[in-house]
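Structure first, commentary second.
The values are calculated or read from the model by the stated rules, or taken from the named source; none is laboratory data. Keep in mind that what you see is a predicted model, and the values were worked out from it rather than measured. Cβ coordinates were reconstructed from backbone atoms using ideal geometry, including for glycine residues, and neighbour counts include every protein chain displayed. In case anyone asks, the SASA skips ligands and DNA or RNA and just uses the protein heavy atoms, side chains included. Shrake-Rupley method; radii C 1.70, N 1.55, O 1.52, S 1.80 Å.
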Amino acid sequence: MRQWWQRLSRRRKMTFSVLAGFAVLIVIGGVVVTRVAAPPSSPPEFAGPHPDLAAEGYVSHTETIFIGVPRDEFYAWVNDPQRDLSDLVEGTDDLPAIKDTENLRGNWDPNTDRAGHRRRVEFETGHYVAEEVLVDSKETFRYMIWGFTNLPQRLAISHAVAEFTYEVVDDGTQLTWTYSFQPTAGLVRPFLSNFVDGTMSGMMQATLAAWKDRAEADLQRA
């Protein structure tokens, strides 16, 4: 009887030790994840070259809207130097609003060719991305974003290429916005597809709708 009790006691101690070890690992893992997921303590420099464009494999989404304002007038409205990016992009419940931008290369003057100009975009969460203009004209504005500091996006997205096309239609503008995301690996493609079709599409729809309402109100009234 005494031997049986001693064996039972040893098993209980071993079980307790194993559970305690798991608990310690869980705590350590939680601390590591929290630190990795936290916003950076200082803004990234984004000094190196932007990622190379991929030949294929992007996950894309396109939104189109008609704006009842002539193209040149709308182009001047949306590229007003006094209009900050945070005033243009609509935040959603799933995507934080933009807090600020800082020019890293070039002055982003819309009266010049901004191709090659780069800036750091800061979100209200304290996370960042880099943004660089690839093509700049009244017909097409194409740019790349990369360097996500948000943990899920950093793990899933290599970079993204976005493009606005401004087409003259009757007395207005047909505005088309396409966002194309390159996954870091094939395994994350389903997650990225859900993000693009859900979170990004919602932001794009809200942003274009706001542009239409504001531009038509401002310019038609003028």
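Under a 5 Å amide H cut-off, with hydrogens placed 1.01 Å from N, Ile157 pairs with Thr184 among residues at least 5 apart or on other chains.
Per residue, the stretch 89-201 exposes 46 Å² of accessible surface when a 1.4 Å probe is rolled over the protein heavy atoms with every protein chain present. Using a simple spin-label model with pseudo-atoms 7 Å out from Cα toward Cβ, Asp171 and Ala210 lie 2.8 nm apart.
Ranked by the mean number of other Cβ atoms within 10 Å per residue, highest first, peptides 61-72, 98-109 order as 61-72, 98-109.
Counting only protein heavy atoms and a 1.4 Å probe, tell me what percentage of the stretch 76-205's accessible area is made up of carbon and sulfur.
Working: 2710 of 5970 Å².
Using a 1.4 Å probe with all protein chains present, the stretch 76-205 comes out at 45 percent carbon and sulfur.
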